[in-house]
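These notes concern the structure reproduced below.
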Amino acid sequence: MPDAQPRLLGVLETVLYYETEQEAEVESFYRDVLGLRPVVESIGGTAFRAGRDVFLVFDRPTKAKLGELTHGTTGSTHTCFLAAADEYEPWKVHLRERGVTLIEETTWRSGVRSFYFRDPAGNLLEIAEADLWPA
């Protein structure tokens, strides 16, 4: 009988990218607007804590020079953050007060709401009030 398949415990890190000249604005956005705590800098970007998870913002041109371990994408990428249900509406107010344009709000079939906005590098971000995916 074959061995049981090993299991994954979760996603350890997620990465979005920016161009070199956007570094200060992007890192300020995640630290000062979204309130993420920087844990490591000078890795070609910054690693932030978002609850238990790690969220990375990397300088695309720097990471593109890593050979076999090249990181990077072209164009906008996407990340969805999870907020406590009672902080969902306050997040919209908080972002608007800081000049962030909310693009769209969606109510999914499950009844869970989420809304979209962009970071200074053009990456599409989302905040959901609960888990959007079936268990």
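Details
- When S28 is tested against the conditions (1) of a type outside the set (A, V, I, L, M, F, W, C); (2) in contact with a strand residue (DSSP E or B) (Cβ under 9 Å, 6 or more places away or on another chain); (3) closer than 15 Å to D119 by Cα, the lone failure is (2).
- Qualifying residue in segment 80-90 (condition: free of Cβ contacts under 8 Å to residues at least 40 places away in the same chain, within 28 Å of T20 (Cβ to Cβ) and in a helix (DSSP H, G or I)): no
- Residues that are in contact (Cβ under 8 Å) with a residue 24 or more places away in the chain, part of a loop (DSSP other than H, G, I, E, B) and within 18 Å of the chain's Cα centre (by Cα) were ranked within segment 99-119; the one that is farthest from L36 (Cα to Cα) is V100.
- The combined condition, being at pLDDT 90 or above, out of contact with any Ser or Thr (no Cβ under 7 Å at 6 or more places or on another chain) and surrounded by 13 or more Cβ atoms within 10 Å (Cβ to Cβ), is fulfilled by F48.
- Verdict on L56 being under 29 Å from W133 (Cβ atoms) and surrounded by 17 or more Cβ atoms within 10 Å (Cβ to Cβ): yes
- The listed residue being in contact (Cβ under 8 Å) with a residue 60 or more places away in the chain and surrounded by 14 or more Cβ atoms within 10 Å (Cβ to Cβ), out of T62, T77: T77
- Residue match in segment 54-69 (condition: acidic (D, E) and within 14 Å of the chain's Cα centre (by Cα)): no
- Residue in segment 97-108 that is surrounded by 14 or more Cβ atoms within 10 Å (Cβ to Cβ) and β-branched (V, I, T) present: yes
- Matching residues, segment 120-135, being on the phi < 0 side of the Ramachandran plot and in a loop (DSSP other than H, G, I, E, B): P120, A121, N123, E129, A130, D131, L132, W133, P134, A135
The values are calculated or read from the model by the stated rules, or taken from the named source; none is laboratory data. Just so you know, these numbers come straight off a predicted model, no measurement behind them. Neighbour counts are summed over all protein chains in view; Cβ atoms, including those assigned to glycine, are modelled from backbone coordinates with ideal geometry.
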